[in-house]
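Since the structure comes first, as structure tokens, the remarks are kept for the end.
Only the coordinates and a few stated rules stand behind these numbers; no lab work does. Being a predicted model, the structure only gives us computed values, none of them experimental. Because the Cβ atoms are built from the backbone with ideal geometry, glycine has one as well, and the counts that use them run over all protein chains shown.
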Amino acid sequence: MQEKADSMTLKSKWVSQKIGFISFGFFLILVGLIWLNTPDLKDAVVAFFEDFHLEEAFQDIYLPAPRSEWNHKVVYSAFQQFCVGYGLFQILILVLRFVFRSSISDKAGTVSSFVFWLGLAFFVGLLLTEAVGWFAFLAGFIVVAGLSLVVRSVAHILLHTLHM
């Protein structure tokens, strides 16, 4: 009986690893497609990073920020496309995790990734449309990171409770 359990654990790890390779492969494809379809992205990315300086976010607290946060729409748009594409791809990954009976932890992590990437896309969109500034975007990033941790824990509890 123990031998069968060990065999299932090895199979589960093997499947999880292969799904990880699929995810990484899609990541590379998506980055490449966005790079190919966004004119002058290389120059825009270089200009974005060269534009950074330390700016006072709060009294005596300095954080990196672009000098001209509204002049980088090409970078923001490309990043938003990536976030949406990779976030939606997590749905396929989640389906694969259910089909191949991945661990509860892997499933919960995928749900968390879905929330993270689409939540980040939302805040990048706000930055892109100038609805928020750089530091509000960073605050949104922190909110999304926290939300994705909460979602991961709730998903883990629910999946464990429902024996999925």
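With 24 Å as the limit, write out which pairs from K42/K107; K73/K107; K18/K107 have Cα-Cα distances beyond it, or answer none.
Working: K42/K107 35 Å; K73/K107 34 Å; K18/K107 14 Å.
Violating the 24 Å Cα-Cα cut-off are K42/K107; K73/K107.
Taking neighbour Cβ counts within 10 Å as the exposure measure, how do F79, F58 sort from fewest upward?
Details: F79 19, F58 8.
Lowest count first: F58, F79.
Looking only at Cα atoms, what is the convex hull volume of region 2-161 per residue, in Å³? If you can, show how the numbers build up before the last one.
On the way: hull volume 22.1 nm³, N = 160.
Cα-based convex hull of region 2-161, divided per residue, equals 138 Å³.
Express the relative contact order of region 26-164 as a whole percentage, based on alpha carbon pairs under 8 Å and six or more residues apart in sequence.
On the way: 141 pairs, mean separation 31.7, N = 139.
Contact order relative to length: 23 percent.
Dipole magnitude of region 2-161 about its Cα centre, charges +1 at Lys/Arg Cβ and -1 at Asp/Glu Cβ only, in debye to the nearest 20?
Computed charge dipole of region 2-161: roughly 1080 debye.
Which part of region 122-149 falls in the paramagnetic zone of A57, meaning amide N under 17 Å from the point 7 Å along Cα-to-beta-carbon?
123-124, 127, 132-147
Normalise the Debye intensity by I(0) for region 107-149, one equal point scatterer per Cα, no solvent, then take log10 at q = 0.20, 0.23, 0.34 Å⁻¹ and round to two decimals.
After summing over all Cα pairs, the log10 values are -0.55, -0.68, -1.10.
In the Gaussian network model of the chain, springs joining C-alpha atoms below 10 Å, which of L147, L126, L33 carries the largest mean-square fluctuation?
L33
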